[in-house]
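Below you'll find the structure, written out as structure tokens, and then a few comments.
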Amino acid sequence: MKRYNAFVDYFRQRYGCRVQKLVVDAGFTCPNRDGSLAYGGCTYCDNNAFHPNYSTPDKSITQQLVEGVEFHRRRYRSAAKYLAYFQPYSNTYAPLERLKELYAEALAFPDVVGLAIGTRPDCLDDAKLDYLAGLQAEGKEVMLEIGIESCYDATLEHINRRHSWQQAVDAVCAAKERGLTVGSHFILGLPGENREMMLASAQRINSLPLDSVKFHQLQIIKGTAMEREFAEHPERFVTWALDEYIDFFIDLLECLRPDLCIERFAGEVPPRFVNSTPWGLIRNVELLRMLEQRLEERDTVQGRLL
């Protein structure tokens, strides 16, 4: 019995093999970083902590993909097809003609079947969405990963996101109306949000026409504004031991639509970027094993409370 809807199965069913994301850094920035909306970016953010060493903007897209294939070939020998994953910062935050050049280079790479594009809700206009929908109509896989992070406007303001929940709703709906595969990203444990607020987020997430969702527990990265806030106001934060987090996530999972693919439920940051590793040096594959075991022990499934 499958107890939750794992995203890895989504592409395996479509292509008959593992489809691996290859991270590429195309040198983008964000409107809350370059002064268009604000400076400094999100208070938790250091993008160097979230993507592999082979992916740096001084290399061409093609070179990053070459190195990405070799990197993942050692880890996942079953991967036969790839998505070029434009991940760091906001990867639709550029003129459309520039985006076309970057995406075309990635799509020309052997065995790349499409694009995964990480971006913000306020960096997706009609022209860009229409172009991406055109790629999909030509047979290319296009997956948008829209960073939302929180369902609460007060939290979004506090962490310097500089977009609203309604902008997120509008962006997800506009992308889905064009037939794109749409995922979103949320962080569990942001300052000011208690356990009840995070569980209540499930209702809002369920209301969005999403195909997938990615959750990360909040990790305090060295040198960020959030590190300073955590040191000065730890009472604003919910923290978990590993077993507590797994049980909390299962509580959330029970409230999520069964058709919603779960791409990730926890994150890994290299130890050099954090002051402590309270869960130890545990890899994602082990976290997944622990989640599945705890689901069995609790005899529960995704969407049970719906």
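The values are calculated or read from the model by the stated rules, or taken from the named source; none is laboratory data. Model, not experiment: these values are computed from the prediction. Cβ atoms come from the backbone with ideal geometry, glycine included; neighbour counts cover every protein chain shown. For the accessible areas, the whole protein counts, side chains as well, though only heavy atoms, and no ligand, DNA or RNA atoms are used. Shrake-Rupley method; radii C 1.70, N 1.55, O 1.52, S 1.80 Å.
Key figures
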read-out: Net charge over other residues, Cβ less than 12 angstrom from the Cβ of R264 (K, R count +1; D, E count -1); value: -1
read-out: The stretch 198-238 shape via C-alpha gyration tensor axes, a/c threshold 1.5; value: prolate
read-out: Estimated translational D of the stretch 180-279 in µm²/s (Stokes, Kirkwood radius over Cα pairs; 25 °C; 0.890 mPa s); value: 168 µm²/s
read-out: Long-range lysine pairs (8 or more apart or interchain), the chain, Cα under 19 Å; value: 13
read-out: Inter-part distance where the stretch 108-126 and the stretch 239-306 are each reduced to a Cα centre, Å; value: 27 Å
read-out: Proximal charge balance of L199 [Cβ under 15 Å; K/R count +1, D/E count -1]; value: -2
read-out: Surface share of carbon and sulfur [accessible, 1.4 angstrom probe, percent] for the stretch 1-40; value: 47 percent
read-out: Cα centroid separation - the stretch 2-22 against the stretch 156-218, whole Å; value: 22 Å
read-out: Surrounding net charge for G280, when Lys and Arg each add one and Asp and Glu each subtract one, Cβ distance under 13 Å; value: -2
read-out: Where only C-alpha atoms are counted, convex hull volume of the stretch 1-85 per residue in Å³; value: 152 Å³
read-out: Solvent exposure of the stretch 226-306 as accessible area per residue, Å², 1.4 Å probe; value: 55 Å²
read-out: Listed residues L291, L124, L96, most fluctuating in the chain (Gaussian network, C-alpha, under 10 Å); value: L96
read-out: Stokes-Einstein D in µm²/s, Kirkwood radius over Cα pairs - the stretch 83-156 at 37 °C with 0.692 mPa s viscosity; value: 253 µm²/s
read-out: Cα-based Rg / Dmax (Å) for the chain; value: 18.6, 52
read-out: Accessible area in the full protein assembly, largest first, 1.4 Å probe, for F71, F237; value: F71, F237
read-out: Gaussian network model of the chain, Cα within-10 Å springs - most flexible of K21, K100, K81; value: K100
read-out: Extended-chain gain in nm, criterion 0.36 nm per residue less alpha-carbon gap, D46 and S207; value: 54.9 nm
read-out: Where no second cysteine Cβ lies under 4.7 Å, the cysteines concerned in the chain; value: C17, C30, C123, C151, C173, C255, C261
read-out: Candidates per GluC sites (Glu not before Pro) in the stretch 91-180, loop by DSSP, up to 16 other Cβ within 10 Å; value: E138
